[in-house]
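Notes follow the structure.
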Amino acid sequence: MTYRYITTPIYYVNDRPHLGHAYASVHADIMARYLRAAGHQTMLLTGADEHGEKIAKAAMLANEAPRAFADRHAQTFVEAWGRLSVEPDKFVRTTAPEHAKVVSECLSRLFEAGEIYLADYEGLYSVGQERFVTEKELVDGKLPEDKEPPVPRREPNYFFRMEAHRDWMRLLLRDSPNLIQPVQYRNEILKLLEEPIGDLSISRPVNRLEWGIPIPWDAEHVTYVWFDALLSYVSPLGYPDQPTFSDYWPSVRHVIGKDILRTHTLFWLSMTHALGIAPYQRLHVSGHLLGSDGRKMSKSLGNGVDPLEAADTYGVDALRYTLIREVSFGFDGIISNAVIEQRLNRDLADDLGNLAARTLAMTKRYRNGFVPPPKIYDAVEEAIISRAGELPSIVLTLVEEMKLGRAAEQVMDFVKHLNGYVASGAPWALAKDPDASDRLDTVLYTLLEALYSVSNLLHPVMPGKMNELKVLLGASVNPYWNLPWGHGVKPGSYVKEGILFPKRLSGDVV
Ligand code: MSP
């Protein structure tokens with residue numbers, strides 16, 4: 001048995017999730033579901049990043065205590081993931097006492113090892129990103145992703161000796177071409193590592209910010225939110241001494257957006273190195289979802305699609321499918337209601353839905369709804385059977401590379417091929433010819449069994465709809481992977497008719 005561990009970003013809970021959050025979580029969830037289907041012992045982690053200035057400020061504006069505010073919003077995230085069919089095995093909260101204990105222990109250990117020291121810090125601080133920034137990063141006086149310019153600050157901070165790990169990180173990235181994917185992000189960080197990166201400020205004075213985990217040996221300071229948050233990838237596994245940690249950690253893959261690439265390379269790799277934790281197996285970095293105006297989707301710009309509204313309007317599975325098909329992972333891309341509607345109407349309703357509806361209707365009409373036994377397979381059927389046999393491993397190879405859209409595309413190409421098979425096999429003509437009864441049995445059975453393969457191959461992407469399809473096919477809803485041809489639908493069992501993906505017209509858009 002192999003263990004696999006997949007994580008999403010640990011989200012700031014200052015609002016409810018938007019489509020950018022859903023993009024990362026849906027990718028992580030689909031990857032985890034595929035790995036689980038393929039027999040790996042898989043754990044998916046998501047969670048809430050609850051400390052720091054951003055949350056403290058949002059709580060103040062809402063006239064609430066930070067803890068009550070964080071409780072309420074963490075719950076909103078839990079519920080939102082449920083509605084988007086994202087099913088984490090663990091939901092970490094950085095305010096959980098078990099997490100705080102791990103953070104304190106790590107800090108003390110690094111302090112004793114001389115990896116942490118106190119010094120005055122003077123610089124520009126971005127509250128939006130919760131970190132000090134350099135002049136080089138600013139465009140028109142502010143970070144491109146921020147609304148407000150950074151503010152000048154001077155204060156005593158504890159520092160972590162990040163610079164001391166730079167050479168090690170450079171060698172690690174140089175020798176591990178697949179550590180960070182897609183490769184442009186690895187190259188970006190390799191370039192950064194050619195020059196000094198400095199040490200990392202990892203505390204905030206309590207007189208400015210109380211909302212954080214106390215520095216164990218100095219009550220005047222709390223831990224910097226990123227130092228705290230990154231450790232939430234290990235604390236839920238029982239780091240440092242629980243078997244869950246040693247079982248799952250070696251396989252860990254983090255799914256993040258490109259806006260948090262630096263923290264997940266410079267900060268996190270140096271922290272893990274200093275703590276003696278093995279570096280992650282892979283970092284999957286997504287691009288940004290853009291609104292129809294071509295700008296990064298964000299609440300404040302009002303150019304986003306609300307994931308929960310979209311799930312209500314188009315169905316959660318059509319939304320999940322669109323997210324992976326429309327924007328190649330690693331690149332920026334636009335998602336709008338119109339795009340989701342088009343994917344639903346064309347790929348899902350016209351191609352897949354129509355194939356299922358026609359196959360089921362013909363089984364009803366020509367065989368009273370009973371799955372016929374196959375008779376003699378011709379070359380056309382042999383080609384379909386062999387493709388159905390190859391697809392699970394083709395799909396999994398793409399999934400391992402986080403090319404989920406390409407994986408789904410392979411299956412949808414198979415669906416198109418099956419639609420072509422309906423047209424050329426012309427069951428309606430066979431039904432008129434009493435001598436073609438065996439042939440009609442074979443064609444119908446092949447279509448039903450191939451649809452059953454499709455329902456397994458796309459289950460991780462569209463769990464709800466693919467279960468519905470299995471029910472229509474009269475097959476078991478248990479997920480199977482690599483099930484040999486002939487073991488899905490059972491001759492003699494009864495199918496139902498139904499419309500899997502009702503089309504939507506723009507006029508219906510909320
Ligand atoms: N709390 C930190 C992460 C700590 S991880 C130990 C954080 N949280 S966040 O809520 O601001 O956003 C996290 C992630 O949301 C981003 O990295 C990215 O994956 C995703 N996205 C937010 N907006 C996005 C888009 N418009 N498009 C795609 N993903 C983006 O940063």
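Starting from the stretch 246-261, take each residue that is within 7 Å of the ligand (Cβ to nearest atom) and list its partners that are not in a strand (DSSP E or B), counting only C-beta distances under 6 angstrom and pairs at least six apart or across chains.
Hits for this filter: ILE256/HIS264; GLY257/ALA24; ASP259/GLU145.
Can you work out which of the residues in the stretch 304-314 that are under 10 Å from GLU341 (Cα atoms) and surrounded by 20 or more Cβ atoms within 10 Å (Cβ to Cβ) is nearest to the chain's Cα centre (by Cα)?
Among those residues, the one meeting the criterion is ALA310.
Give LEU430, LEU396, LEU391 a once-over and let me know the one that is part of a helix (DSSP H, G or I) and over 30 Å from LEU179 (Cβ atoms).
Going through LEU430, LEU396, LEU391 in turn, the sole match is LEU430.
Give me the helices (runs of 4 or more DSSP H) completely within the stretch 293-385, filtered to those with at least 3 residues that are under 28 Å from LEU447 (Cα atoms) and touching a residue at least 12 places away in the same chain (Cβ under 8 Å), ordered by residue number. Walk me through it before giving the result.
Details: elements: 307-314, 316-326, 337-343, 354-367.
Hits in the stretch 293-385: 316-326, 337-343, 354-367.
So which residues in the stretch 1-25 are under 21 Å from PRO392 (Cβ atoms) and not in a loop (DSSP other than H, G, I, E, B)?
Of everything in the stretch 1-25, those that are under 21 Å from PRO392 (Cβ atoms) and not in a loop (DSSP other than H, G, I, E, B) turn out to be TYR3, ARG4, ILE6.
Okay, residues lined up against (1) loosely packed, with under 12 Cβ neighbours inside 10 Å; (2) touching a helix residue (DSSP H, G or I) at 6+ places or on another chain (Cβ under 6 Å); (3) assigned by TED's automatic domain parsing to the domain that holds ALA229; (4) not hydrophobic (A, V, I, L, M, F, W, C):
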| residue | (1), (2), (3), (4) |
| --- | --- |
| LEU138 | no, no, yes, no |
| GLY141 | yes, no, yes, yes |
| PRO149 | no, no, yes, yes |
| PHE159 | no, no, yes, no |
| GLU163 | no, no, yes, yes |
| SER176 | no, no, yes, yes |
| GLU188 | no, no, yes, yes |
| LYS191 | yes, no, yes, yes |
| GLU194 | yes, no, yes, yes |
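Quick check, is ILE30 crowded, with 23+ Cβ neighbours inside 10 Å, aliphatic (A, V, I, L, M) and at pLDDT below 95?
Taking the combined requirement at face value, the residue does not satisfy it.
Going through the stretch 58-83 one residue at a time, which ones are polar (S, T, N, Q) and free of Cβ contacts under 8 Å to residues at least 12 places away in the same chain?
Kept after step one, since they are polar (S, T, N, Q), are these residues of the stretch 58-83: 63, 75-76.
Residues satisfying the conditions are ASN63, GLN75.
Can you name every one of the strands (runs of 3 or more DSSP E) wholly within the stretch 83-140 that holds 1 or more residues which are in contact with a His (Cβ under 8 Å, 6 or more places away or on another chain) and within 23 Å of PRO236 (Cα to Cα)? Show your work before the answer.
Working: elements: 90-93, 116-126, 131-133.
The strands (runs of 3 or more DSSP E) meeting that bar are 90-93.
Only residues that are in a strand (DSSP E or B) and either under 28 Å from ARG208 (Cβ atoms) or more than 29 Å from the chain's Cα centre (by Cα) (or both): list them for the stretch 145-180, please.
Quick first cut of the stretch 145-180, residues in a strand (DSSP E or B) only: 151-160, 180.
If the condition is that a residue be in a strand (DSSP E or B) and either under 28 Å from ARG208 (Cβ atoms) or more than 29 Å from the chain's Cα centre (by Cα) (or both), then VAL151, PRO152, ARG153, ARG154, GLU155, PRO156, ASN157, TYR158, PHE159, PHE160 are the ones that fit.
Restricting attention to the stretch 317-335, report how many residues are buried (at least 22 other Cβ atoms within 10 Å of the Cβ) and either modelled with pLDDT under 95 or touching a Leu at 6+ places or on another chain (Cβ under 6 Å) (or both).
Residues flagged as buried (at least 22 other Cβ atoms within 10 Å of the Cβ) and either modelled with pLDDT under 95 or touching a Leu at 6+ places or on another chain (Cβ under 6 Å) (or both) within the stretch 317-335 amount to 3.
When the residues of the stretch 205-221 are narrowed to those that are over 15 Å from PRO97 (Cα atoms) and buried (at least 18 other Cβ atoms within 10 Å of the Cβ), which ends up nearest to the ligand (Cβ to nearest atom)?
LEU209
Here is a check on your reading of the model: is GLU381 acidic (Asp, Glu) and outside the structural domain of TYR452 (by TED's automatic domain parsing)?
Against the criterion (acidic (Asp, Glu) and outside the structural domain of TYR452 (by TED's automatic domain parsing)), GLU381 does not qualify.
Hey, any hits in the stretch 427-437 for a residue that's touching a Gly at 6+ places or on another chain (Cβ under 7 Å) and either in contact (Cβ under 8 Å) with a residue 60 or more places away in the chain or not aliphatic (A, V, I, L, M) (or both)? Step through it out loud before you land on a result.
Going through the stretch 427-437, the residues touching a Gly at 6+ places or on another chain (Cβ under 7 Å) turn out to be none.
No, there is no match, as no residue in the stretch 427-437 is touching a Gly at 6+ places or on another chain (Cβ under 7 Å) and either in contact (Cβ under 8 Å) with a residue 60 or more places away in the chain or not aliphatic (A, V, I, L, M) (or both).
Out of the residues in the stretch 438-466 meeting the condition of being among the polar types (S, T, N, Q) and over 21 Å from the mean Cα position of the chain (by Cα), tell me which one is nearest to PHE501 (Cα to Cα).
By that ranking, first place goes to SER453.
Look through LEU444, LEU430, LEU398 and report the one residue that is modelled with pLDDT of 95 or more and under 30 Å from VAL252 (Cβ atoms).
Only one candidate passes the filter, namely LEU398.
The values are calculated or read from the model by the stated rules, or taken from the named source; none is laboratory data. It should be emphasised that the depicted structure is a prediction, and the values quoted were computed from it without experimental measurement. Ideal geometry is used to build each Cβ from the backbone, glycine not excepted, and the neighbour counts take in all protein chains shown.
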